[in-house]
């Protein structure tokens, strides 16, 4: 670890790596949805997230799957059914996201002056 900011690089930090996996408007919400309700079907997740385009949701799910955080299971039936769950790696990230959720519940509705 760099002792001085002149030698440090943000992109080499664990924080940067973690944020690269969950950055974007919907990825953290998708992971939260899976943490709370897995397994989740595509249409259920789209309804839960509200206002997300099919293409955007599909793209985010593919990226999360590529990064090893989400697993996709396709059932060979008519009409096709696909369910998404967290992988063990994705589940290990939930401890961090759960802390964000708890912080939000604790401070939701507070003004800047209320927080000490």
Check: Restricting the search to segment 80-93, which residues are surrounded by 14 or more Cβ atoms within 10 Å (Cβ to Cβ) and out of contact with any strand residue (DSSP E or B) (no Cβ under 7 Å at 6 or more places or on another chain)?
Finding: 91, 93
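Quickly run through segment 42-79 and pick out the residues that are loosely packed, with under 13 Cβ neighbours inside 10 Å and in contact (Cβ under 8 Å) with a residue 24 or more places away in the chain.
Selection gives 73 alone.
Bear in mind that the values in this text are calculations on the coordinates, not laboratory data. Model, not experiment: these values are computed from the prediction. Quick reminder, even Gly has a Cβ in these numbers, built from the backbone with ideal geometry, and neighbours come from all protein chains shown.
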